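The values are calculated or read from the model by the stated rules, or taken from the named source; none is laboratory data. All values reported here derive from a predicted model rather than from experimental measurement. Neighbour counts run over all protein chains shown; Cβ positions are idealised from the backbone, glycine included.
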Amino acid sequence: MKRIIAHEEHCIGCRLCEIHCLVQHSKSKKIVKAFRTERDRIVPGVKVEESGYVSFALQCRHCDEAPCIEACMTGAMHRDETTGAVLCDVDRCVGCWMCIMVCPVGAVARGADRQVVSKCDLCIGEDVPACVANCPNEAIVLEDEDE
Amino acid sequence: MRKWLVEPDFLVERDPDRCIQCQVCVRQCANDVHEYDPDEELVTSDSSTCVGCHRCATLCPTGAVAIRRAPLEFRPHGNWTAETLRNIYKQAETGGMLLSGMGSDRRMGVTWDRMLLNASQVTNPSIDPLREPMELLTHLGRKPERVEFREGAPGGLATRLEPQLELQLPVMFSAMSYGSISYSASLALARAARETGTFANSGEGGLHEDFRRFAGNMIVQVASGRFGVDVDYLNNCAALEIKIGQGAKPGIGGHLPGEKVDAAISATRMIPRGTDALSPAPHHDIYSIEDLRQLIFALKEATAYTKPVAVKIAAVHNVSAIASGSVRAGADIVVIDGYRGGTGAAPTMIRDNVGIPIEFALAAVDSRLREEGIRHQASLVAAGGIRSSADVVKAVALGADAVYIGTAALVAMGCHLCQKCYTGKCNWGIATQDPYLTKRLNPNIATRRLVNLLRAWALEIKEMMGGMGINAIESLRGNREHLRGVGLTDRELGILRIKAAGE
Amino acid sequence: MSDKRPFLIIGNSAAAVGTVAGIRKRDRDTPITLIAREAEHTYSRPLISYLLAGKVDEERMLYRGRDFYEKNGVDAVLGVEVTRIDAESRTVETDDGRTFPFGKLLIATGGAPVVPEDLPGTDARGVFTFTTWEDARRIKSHIETTDVKQAVVVGGGLIGLKAVEALVELGIRTTVVELADRILSATFDLTASEVALDFLKGKGVEVHCRTTVSEVRGHEGRLAGVLLRDGTELPCELLIFAIGVVPDTRLARGAGIACGRGIVTDDGMQTSIEGIYAAGDVVETRDLLTGARRPMPILPNAYRQGFIAGANMVGGKLTSRGGLSMNAVDLCGLPTISVGITSPEGEEYEILSSLDDESGSYRKLVLRDNRIVGAIFVGRIDRAGIFTGLIREKVDVSGFKELLLSQDFGLISLPNEYRKHVVSGMGIEV
């Protein structure tokens, strides 16, 4: 399964990963339009943590034993069988926030405009997640465990 | 106090239709040009501190930022150019010496561009580098007078050969000290040298212990400050280089400000933390050519004559005499650093007005050594503003055994020649020790870029050689017949010993 | 013998589903039989208040997809109640006269709703408990057929307040009756309770604390109102008892399985009888933080216990580290999370808190011996899970105590080693 690994020694805190995550999950997928019209409605799945000159990008780890799947009371949190990614079916999510309570990495966020959760979906359907593809310093890389 | 006479050099233009206020530019500018106003929800730019490094424009995800020359135009003047006026304004406001980073940017024409190469036609057919083997392999070191053979000897050779450096292509990375450039930059140069099969010069900053594993691809410098020079240093290299001068600032020494001397640099240079690292102009134990000979042989003794010892000199008026003297003093390699050579910091006046271009120096030295019959005793390495594979080919044709690239290597890693290296705020993470900025240079990416550059140049050199009907770099070396001058005076043609185009 | 006989699960909720997952991760062949009293496909019990409110429809009630049983090789026998477990012959008997054999058994009979004893009048029409889908259906039907102007909910805990939320959504004036001195007394401290109380009052909810219902009054068999112990009279057409649940241990006791307040199990979720396991609201588990043994009816705990039991039923050696009390509940739009010991008593506890009166955002951390043992988040719940992780792993926070309540507290504030451990092999290389 593909995993995103962060190398904190190369992260420059530019946050281009957050920007491109937003664009990738927007309707228009065009950066200017997405920021103009959808910026308030999308919470990027990746978040850059910064303290002094140390920084790194963090998103859902798609854990093998995902606490969020165990805690989800509706069954909205589930594992995608093909990619192994942990996904949230927002049509089933009721915004009870149990997943936020149990994620040890704090990777689940409240949705911006709806009472549902928002988190990294490993850019299902794309070859390379948007954050990885757009990091100017290769601070986040995609590694395939099976390779 | 505001320096009223000093005007901004650049104008930052932001396209409001494309700016999405993502603030990447705000975060990435080390000179605080961009700022986010949360009330207006706008990113604004103060061009006065912009140095034209393009970091913001490169990273802007929408291409909303453009950097232009500041539009304050002076009345055109052939003598009092905008440049000269700005220099005086700066000095009037500060009372200080003008400082610059990198090599001279003076517009006085580049002699490489006035020399053109030959190509084969009809007779002496071209060689296709994709089909035929092309030899770029280069050996630097003292070559024997003549070779004697004896059966049963190793390789059948009776003559003892002096130690040689073997290069896969005639290009090496020039001396850039760890301290003037970042750890990641130094690491990338060493790794790229290893991967490509060439050498990187440690500069006068000593050798960080992490780089000892690259010893087989390192040339270490013994400069006037003798930073980092101890027995471990001498043992962890492939060759030694005594730095007598530097093309960017002939005649004067070097100065690394104390602020840049952190724990790691202090350990590598073997000076106390926070103290200025001063390299004096002369080596205080070299005041004559005999003194130089003494040092050369001291180093050879210390390394049991297993490593070539090079001498690096700046290209000045009597460069031929000094070169000849150095060879006779025992130097196995003579490095000539020309007028356009780069630096982390030099007084602008010295950088732009002292020394001679490498083309002339190289030709003069090569001719002189041949005349004296000692050309084989030392290899010649040319340095100082080599910009492309074409410059490399021309340099070899003029007589160089190999070239050093400094600026070109930094540019490959991302340098945009803003010439502000001495501020320590290199936005590309190259000429800085600020941990916030050094992160920007990922050594993996930098190494890849350097290896790509050398690979591309090697291919181009082979193409040009093949076009000339040559399949080994040895056949090009000093072969001035392959060069023709355009727009050069008779005198210049004479010194270069090349014909004019048409001849 | 156990490889020929199927695995048997009594129950159909989180613990049961977790058990299926635990078994199937290692064993895809041995048949599983699942027997449940409720007739519905496995559904999310906490969603019954959302169903009542009309926020979810029947399809969304399902806890797993309709193909869950088939995909996992589970023979689901629904709407049938197990009446007896025979540990000797390793069979169970059901209320429709059948007998089912088992190789290994998992008891996940959950909790039964608490109704106050000896309270007269609870048989009037309009009086309900609130634990099953059927309860929600009946309450909904009652509301549709009766003109319900006012409702009373007994119990100011999580279940009660979720019922309140649903009724508010339906436009019914609701009053809460709570025995303790404050609502959410089991999970919130005084401050958090007050924040929640103000919020509910703002939605028109009336709250009576330190009292309970002493009499249920009816008129011609229909509910008319209640009398509280303090003398208050509350007219109402709907009364819901949401006091809590107690482990439903009848079957276990009947089989001779050791029980305390709940079924007693070892760390591998096995009961006192070999080959019989228990998980979920029916067990009493070791509180990770206090060491005490008690029922901890929380969905994530139930699932995990079921998973451990299932894994061990097929030869695994997983162990439970104990239960962590934790709850996340959104009250009419106010998000809240509470974990661990939130109202400590004793000298050894250190409290760190911040309350923003304007936004109503409250964060509190309870420390003991420089380790976080409890946390409350009201309003600003972002990334609360990081603290849950620190509580679980019993991380010494003395090195960064002053950062804990800051706005940008994150993994970056934690020591490298812990950070690496949390995401090791799956994320950050530090």
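Just to be sure, is C:E215 touching a Cys at 6+ places or on another chain (Cβ under 7 Å), in contact (Cβ under 8 Å) with a residue 12 or more places away in the chain and closer than 17 Å to C:I243 by Cβ? Step through it out loud before you land on a result.
On the way: touching a Cys at 6+ places or on another chain (Cβ under 7 Å): no; in contact (Cβ under 8 Å) with a residue 12 or more places away in the chain: yes; closer than 17 Å to C:I243 by Cβ: yes.
Answer is no for this residue.
Looking at this structure, is C:P300 over 23 Å from A:V94 (Cβ atoms) and not charged (D, E, K, R)? Explain how you work it out, then say what you get.
Working: over 23 Å from A:V94 (Cβ atoms): no; not charged (D, E, K, R): yes.
So C:P300 fails the test.
List the strands (runs of 3 or more DSSP E) inside segment C:231-281, counting only whole elements, that have at least 3 residues being in contact with a Gly (Cβ under 9 Å, 6 or more places away or on another chain). Don't jump to the end; show me each part of the working.
Working: elements: C:233-235, C:238-241, C:245-247, C:276-278.
Those strands (runs of 3 or more DSSP E) span C:233-235, C:238-241, C:245-247.
Sort out for me the strands (runs of 3 or more DSSP E) sitting completely within segment C:32-124 that have 2 or more residues that are more than 14 Å from chain A (Cβ to nearest Cβ) and touching a Pro at 6+ places or on another chain (Cβ under 9 Å).
Because the criterion is at least 2 residues that are more than 14 Å from chain A (Cβ to nearest Cβ) and touching a Pro at 6+ places or on another chain (Cβ under 9 Å), the strands (runs of 3 or more DSSP E) in segment C:32-124 that meet it are C:32-36, C:74-78, C:91-94, C:99-101, C:111-113.
Quick one: would you say C:D330 is within 13 Å of chain A (Cβ to nearest Cβ), closer than 26 Å to A:A109 by Cβ, surrounded by fewer than 17 Cβ atoms within 10 Å (Cβ to Cβ) and among the acidic types (D, E)? Give the steps one after another, and end with the answer.
Details: within 13 Å of chain A (Cβ to nearest Cβ): yes; closer than 26 Å to A:A109 by Cβ: yes; surrounded by fewer than 17 Cβ atoms within 10 Å (Cβ to Cβ): no; among the acidic types (D, E): yes.
When the stated conditions are applied, C:D330 does not pass them.
Before we move on, is A:C72 within 7 Å of another protein chain (Cβ to nearest Cβ) and more than 28 Å from B:N444 (Cβ to Cβ)?
Values: within 7 Å of another protein chain (Cβ to nearest Cβ): no; more than 28 Å from B:N444 (Cβ to Cβ): yes.
No.
Out of all the residues in segment A:121-140, is one or more assigned to a strand (DSSP E or B), among the acidic types (D, E) and within 11 Å of another protein chain (Cβ to nearest Cβ)?
In the first step, residues of segment A:121-140 are kept if they are assigned to a strand (DSSP E or B); the result is A:140.
When the remaining residues are screened for being among the acidic types (D, E), the result is none.
The answer is no, given that none of the residues of segment A:121-140 is assigned to a strand (DSSP E or B), among the acidic types (D, E) and within 11 Å of another protein chain (Cβ to nearest Cβ).
Of all residues being acidic (D, E) and out of contact with any helix residue (DSSP H, G or I) (no Cβ under 7 Å at 6 or more places or on another chain) in segment A:89-120, which is farthest from the other protein chains (Cβ to nearest Cβ)? Just the residue, please.
Step one: of segment A:89-120, the residues acidic (D, E) are A:89, A:91, A:113.
This time we only want the ones that are out of contact with any helix residue (DSSP H, G or I) (no Cβ under 7 Å at 6 or more places or on another chain), so: A:89, A:91.
On the way: A:D89: 10, A:D91: 8 Å.
That would be A:D89.
From B:T447, B:T432, grab the single residue that is within 14 Å of another protein chain (Cβ to nearest Cβ) and in a loop (DSSP other than H, G, I, E, B).
Numbers: B:T447 fails: in a loop (DSSP other than H, G, I, E, B).
Going through B:T447, B:T432 in turn, the sole match is B:T432.
Answer yes or no as to whether C:D287 is under 19 Å from C:N327 (Cα atoms), modelled with pLDDT of 95 or more and acidic (D, E). If you could, list the steps in order and put the result at the bottom.
Working: under 19 Å from C:N327 (Cα atoms): yes; modelled with pLDDT of 95 or more: no; acidic (D, E): yes.
No; evaluated as a whole, the condition is false for this residue.
Is it the case that some residue within segment C:237-260 is buried (at least 16 other Cβ atoms within 10 Å of the Cβ), free of Cβ contacts under 8 Å to residues at least 60 places away in the same chain, outside the structural domain of C:T174 (by TED's automatic domain parsing) and hydrophobic (A, V, I, L, M, F, W, C)?
Within segment C:237-260 (the criterion being buried (at least 16 other Cβ atoms within 10 Å of the Cβ), free of Cβ contacts under 8 Å to residues at least 60 places away in the same chain, outside the structural domain of C:T174 (by TED's automatic domain parsing) and hydrophobic (A, V, I, L, M, F, W, C)), the answer is yes, since at least one residue qualifies.
In segment B:1-118, which helices (runs of 4 or more DSSP H) lie fully inside it and hold 1 or more residues that are within 14 Å of chain A (Cβ to nearest Cβ)?
Working: elements: B:24-28, B:55-59, B:82-94.
Result: B:24-28, B:55-59.
With C:A53, C:A87 as the choices, which residue is in contact with an Asp or Glu (Cβ under 8 Å, 6 or more places away or on another chain) and at pLDDT below 95?
On the way: C:A87 fails: in contact with an Asp or Glu (Cβ under 8 Å, 6 or more places away or on another chain).
Going through C:A53, C:A87 in turn, the sole match is C:A53.
Any residue at all in segment B:135-153 that's assigned by TED's automatic domain parsing to the domain that holds B:L256 and either part of a helix (DSSP H, G or I) or aromatic (F, W, Y) (or both)?
Checked against the condition, which is being assigned by TED's automatic domain parsing to the domain that holds B:L256 and either part of a helix (DSSP H, G or I) or aromatic (F, W, Y) (or both), segment B:135-153 yields at least one hit.
For segment C:358-406, name all the residues that are assigned to a loop (DSSP other than H, G, I, E, B), within 14 Å of chain A (Cβ to nearest Cβ) and under 19 Å from A:W97 (Cβ atoms).
At the first step, the residues of segment C:358-406 found to be assigned to a loop (DSSP other than H, G, I, E, B) are C:358-360, C:369-370, C:379-383, C:393-395, C:397, C:404-406.
Those still in the list that are within 14 Å of chain A (Cβ to nearest Cβ) too: C:379-383, C:393-395, C:404, C:406.
Correct list: C:G379, C:R380, C:I381, C:D382, C:R383.
Test A:I69 against the criterion of being touching a Phe, Trp or Tyr at 6+ places or on another chain (Cβ under 9 Å), more than 22 Å from A:C11 (Cα to Cα) and of a type in the set (A, V, I, L, M), and give yes or no.
On the way: touching a Phe, Trp or Tyr at 6+ places or on another chain (Cβ under 9 Å): yes; more than 22 Å from A:C11 (Cα to Cα): yes; of a type in the set (A, V, I, L, M): yes.
Considered against the rule, which asks whether it is touching a Phe, Trp or Tyr at 6+ places or on another chain (Cβ under 9 Å), more than 22 Å from A:C11 (Cα to Cα) and of a type in the set (A, V, I, L, M), A:I69 comes out as yes.
Conditions first: (1) modelled with pLDDT of 90 or more; (2) at the interface with chain A (Cβ under 9 Å from one of its Cβ atoms). C:S354 passes all but one, so which condition is the exception?
(2)
Would you mind finding the one in A:I100, A:I12 that is surrounded by 19 or more Cβ atoms within 10 Å (Cβ to Cβ), assigned by TED's automatic domain parsing to the domain that holds A:N134, outside any strand (DSSP E or B) and at pLDDT 95 or above? Break it down stepwise before answering.
On the way: A:I100 fails: assigned by TED's automatic domain parsing to the domain that holds A:N134.
Checking each option against the conditions leaves just A:I12.
Pick from segment A:53-69 the residues that are in a loop (DSSP other than H, G, I, E, B) and at the interface with chain C (Cβ under 9 Å from one of its Cβ atoms): which of them is surrounded by the fewest Cβ atoms within 10 Å (Cβ to Cβ)? Reasoning before the result, please.
Looking only at segment A:53-69, we keep the residues that are in a loop (DSSP other than H, G, I, E, B), and these are A:53, A:59-66.
Filter again for at the interface with chain C (Cβ under 9 Å from one of its Cβ atoms), leaving A:59, A:61-65.
On the way: A:Q59: 24, A:R61: 22, A:H62: 24, A:C63: 20, A:D64: 12, A:E65: 9.
Checked segment A:53-69; the qualifying residue surrounded by the fewest Cβ atoms within 10 Å (Cβ to Cβ) is A:E65.
What number of residues within segment C:329-343 satisfy the criterion of being closer than 13 Å to C:A186 by Cα and either in a strand (DSSP E or B) or not assigned by TED's automatic domain parsing to the domain that holds C:S361 (or both)? Working first, answer last.
Of all residues in segment C:329-343, those closer than 13 Å to C:A186 by Cα come to C:337-343.
Next cut, either in a strand (DSSP E or B) or not assigned by TED's automatic domain parsing to the domain that holds C:S361 (or both) only: C:337-340.
Residues flagged as closer than 13 Å to C:A186 by Cα and either in a strand (DSSP E or B) or not assigned by TED's automatic domain parsing to the domain that holds C:S361 (or both) within segment C:329-343 amount to 4.
Among what's in segment A:29-47 and is at the interface with chain B (Cβ under 10 Å from one of its Cβ atoms) and within 19 Å of A:A109 (Cβ to Cβ), pick the residue that is surrounded by the fewest Cβ atoms within 10 Å (Cβ to Cβ).
A:R39
When only residues in segment A:75-88 that are more than 8 Å from every other protein chain (Cβ to nearest Cβ) and in a loop (DSSP other than H, G, I, E, B) count, which is modelled with the highest pLDDT?
The initial filter retains those residues of segment A:75-88 that are more than 8 Å from every other protein chain (Cβ to nearest Cβ), namely A:76-88.
Filter once more, so that each one left must be in a loop (DSSP other than H, G, I, E, B): A:76, A:80-85.
Numbers: A:A76: 96, A:D80: 93, A:E81: 89, A:T82: 90, A:T83: 90, A:G84: 90, A:A85: 93.
Ranking the qualifying residues of segment A:75-88, first place goes to A:A76.
All but one of (1) outside any helix (DSSP H, G or I); (2) at pLDDT 95 or above; (3) within 11 Å of chain B (Cβ to nearest Cβ) hold for A:S26; state the number of the condition that does not hold.
Answer for A:S26: the failing condition is (3).
Determine which single condition B:L437 fails, assuming it passes every other condition in (1) farther than 19 Å from B:T196 by Cβ; (2) in contact with a helix residue (DSSP H, G or I) (Cβ under 6 Å, 6 or more places away or on another chain); (3) surrounded by fewer than 24 Cβ atoms within 10 Å (Cβ to Cβ).
(2)
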